[in-house]
Each structure stands twice: as C-alpha cells, then as structure tokens.
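Contents: one structure, followed by commentary.
The values are calculated or read from the model by the stated rules, or taken from the named source; none is laboratory data. Since the structure is predicted, the reported quantities are computational estimates derived from the model, not experimental observations. Here the Cβ positions follow ideal geometry from the backbone for every residue, glycine too, while neighbour counts run over all protein chains shown.
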C-alpha cells in the first residue's frame, strides 16, 4: 500500500469538521458457489486507481475533536495498487463463498497457480474519499489514525481462452472506524476494498459467469445417443489427413484432437479438456475456433467437442476392422509446443493390450506431451485410434498406447448417419 500512500499529498487548512463524510455502503448478501459444483478458477490480475492529478480525495485531521488540518490531494494520475494486501483480501472474500480463486499473493517469482485461471479479474478505482484523523495533534505518525474511506470500483472480467473482456460491473465499498487503529489510511482502503469485493460476489451476473452452464463430466451410461454426419469422401492419404487434425488449447496447456464430422465435432481425450466447459481449438490452417465440451467419458478418457462452425475437413474413421499387428500406422498431433502442430510420426502396431479393463492398441509410434487426443491413422489416412498415454511417460521410448476408435465412439454413444458409409471405412 506504500505506492498508494505516496500518491497522496496534503494542503494545510484550518477549521473544524466532523468525521462523518464517508458515504454509507450496504454489504450485499453473497451468492455462494455451491459445494462440489463446477466453477471457473479466478485470478485477481490487478487493481488500479485512476484519478486526475490534483483531485481532492478527502481530509486530514488532528486533535481530540478532529479539526481539519489539510486536504488530501491525489498527486499521481494513475497508481497500480494490486499488491499483496488487496490480493489477499480478494482471495479471502471469494474463498469464504467457495469461489475457486487461484494465485499466490506471496509468490516472489513466477506463480504456478496463476496458470490455472480461466477468468482474470481487474478493478479500476475511479472514486476515492478518505477521512483520516490523527488524535495526537502534534504527531506526524501515520501509523495510528481513525476515520474511513469510500471507493467505487469498475470491475472487468477477462476470459483467458477467448482473450477478451466478457463482463463489466461496478461496486462500491466503505469502511469506518471511530477508534484509533494501526496503519491508518492503508487499513481504511483495504476495509473499503473488502466491501467492494463482497458486493462483487453478490452480483448475479458475476456469479453466473463463474458458474459453468453444466458439468461436462458425464458417464457413458448417462449419455443419450448422438447422431452425427461423418466424412462423405474416402480417405486420400496421411498427408491430407493433417487438415482434419486440431490443437485443443485450455487454460492449463494443450493437447491434440481431430474432426470427426464436417458439422464441427472434434474427438480428443478427457484428460486434455479436464473440467473445462469451453476450450479453444486451433485448426490446421492456424485459425482459432471456440469449442464447447459437449460430452466426456472419464473412464475411457474420451471427449467430444462441438465447434462454433461447420463445413470442416473431417477424417474418415475405420470402425469395421482393426489394424493387424505389424501394420504400418501414423500419428498426428502437436507435441510439446504449439508451433509443432500437425507433426506426423510413423511406426507399427506392436500389440493389443488390456489395461484397467479397457482395450488399447500398443504402437511404437513416437508421441509425447501434447500429442494426447490426436489421431492414429492407417496408411490410407483413416483413423484407427487416438493417442492416450505412454507406458513409461517419464522416459524416452516408443511404448505408447492408443484408444481404438470404435471403442471411443461407443463410449461417447456417437452414431453416424446411414448415408455416410465412409464412417465404416475398411482398408
């Protein structure tokens, strides 16, 4: 709070004034996040005071009867006060109402928790009033004071995935203390900010934004069948199949996926999307499209995403037959870095394995972090599986497991229109 305090100056005046000029602000009842419900992680990005240089922001008083000794003048045009005190206040208020707030105000270097945020919150204080009375008339000790503060905060909520401000709202906060306390003005500001945050938590629009519309984690037994239109032309090779692969980007990282319907449906792993309701999908062309996580099966580790557009290049799915051991296969995905999208690697089917009650294709195709959810193709370019995991993920090697495509489709209860015969493509 030192940055803020340094932005205040004073002009000496004489006269007598009471300490009751701080407006009264009602603290609204919080709209809690229900325990166990799905909500988007939040991070306080910053708080800024934006006032004009020379603005009168209150009075400084002294003595037993709090005579006015001077006016408090704003000396800086803008001050960023998003420090640890305000961040801690923000976190404490939101956590009391079960909001999933992330970030560590005490982090000295990179804050690992901040990467989990799906929404970032910033506040701009555009109105500020302060009454500060120092009972010892001869003292310049700013550590002990009584009085209060009022603030008006304009909040902006920024969606990390869509990279835009998705909600704006204003709240007020006020704090008064008729007893002398330590830290003076910083305590008044923090107290007023606490009320402003509580009134943000009480805002219906903010609450609705944080809460997901639904929980995308559905088991296969709960899912009704969904009818999709598959690719209508035969596969034309592995190289052409790159056009139907995508990168799935979430607030915590990325994985791979592939388009299974020209109407904009993408298949990937559940562990790629995790709890996300909305993800960003980067097409092979480099264009980003927002996608809704439509359904998942966590046990089989598969997920279906619906994109906000159609007429996309869908891959053919080889559902009628499975590749034989020693058949040549290819994997496409985005290993390690977003710049490595549509990377193709080659290998053979090494074996079929059972793990945890599920069937897997074992291949020596080279895949790594970021490939998860990408397609495994036969030499014609038809999908036979999707990348799931390595047998030894912490070691370099080619012992990797892939989910058979027919099993992925079955667990998500996807059906294809009868006229799309390419969905049952046979090599």
(request) Mind counting the residues in the range 266-291 that are in contact (Cβ under 8 Å) with a residue 40 or more places away in the chain and in a strand (DSSP E or B)? (result) 9
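Out of 355, 394, I need the residue that is in contact with a strand residue (DSSP E or B) (Cβ under 8 Å, 6 or more places away or on another chain), at pLDDT below 95 and surrounded by fewer than 17 Cβ atoms within 10 Å (Cβ to Cβ). Which one?
Working: 394 fails: in contact with a strand residue (DSSP E or B) (Cβ under 8 Å, 6 or more places away or on another chain).
Just a single option satisfies the conditions, and that option is 355.
Among 245, 236, 221, which is the only one that is modelled with pLDDT of 95 or more, under 30 Å from residue 413 (Cβ atoms) and over 23 Å from the mean Cα position of the chain (by Cα)?
Result: 245 is the single residue among 245, 236, 221 that is modelled with pLDDT of 95 or more, under 30 Å from residue 413 (Cβ atoms) and over 23 Å from the mean Cα position of the chain (by Cα).
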(request) Give the residues of the range 292-336 that are under 15 Å from residue 245 (Cα atoms) and either without any contact (Cβ under 8 Å) to a residue 12 or more places away in the chain or assigned to a loop (DSSP other than H, G, I, E, B) (or both), sorted by residue number. (result) 310, 311, 312, 313, 314, 315, 316, 334, 335
(request) Filter the range 239-256 down to residues that are touching a helix residue (DSSP H, G or I) at 6+ places or on another chain (Cβ under 7 Å) and part of a strand (DSSP E or B) and give me whichever is surrounded by the most Cβ atoms within 10 Å (Cβ to Cβ). (result) 248
(request) Output the strands (runs of 3 or more DSSP E) that fall wholly within the range 75-178 and possess 3 or more residues being modelled with pLDDT under 80 and in the same structural domain as residue 35 (by TED's automatic domain parsing), or say none. (result) 78-80
(message) Taking the conditions exactly as written (assigned by TED's automatic domain parsing to the domain that holds residue 322, modelled with pLDDT of 75 or more and over 19 Å from residue 267 (Cα atoms)), does residue 379 satisfy them or not?
(response) yes
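Give me the residue from the range 369-380 that is assigned to a loop (DSSP other than H, G, I, E, B) and touching a strand residue (DSSP E or B) at 6+ places or on another chain (Cβ under 8 Å) and, out of that set, surrounded by the fewest Cβ atoms within 10 Å (Cβ to Cβ).
Step one: of the range 369-380, the residues assigned to a loop (DSSP other than H, G, I, E, B) are 369-374, 379-380.
When the remaining residues are screened for being touching a strand residue (DSSP E or B) at 6+ places or on another chain (Cβ under 8 Å), the result is 370-374, 379.
On the way: 370: 24, 371: 28, 372: 27, 373: 32, 374: 34, 379: 15.
Among residues in the range 369-380 that are assigned to a loop (DSSP other than H, G, I, E, B) and touching a strand residue (DSSP E or B) at 6+ places or on another chain (Cβ under 8 Å), the one surrounded by the fewest Cβ atoms within 10 Å (Cβ to Cβ) is 379.
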(request) Just name the residue that is modelled with the lowest pLDDT out of those in the range 33-54 that are surrounded by 14 or more Cβ atoms within 10 Å (Cβ to Cβ) and outside any strand (DSSP E or B). (result) 38
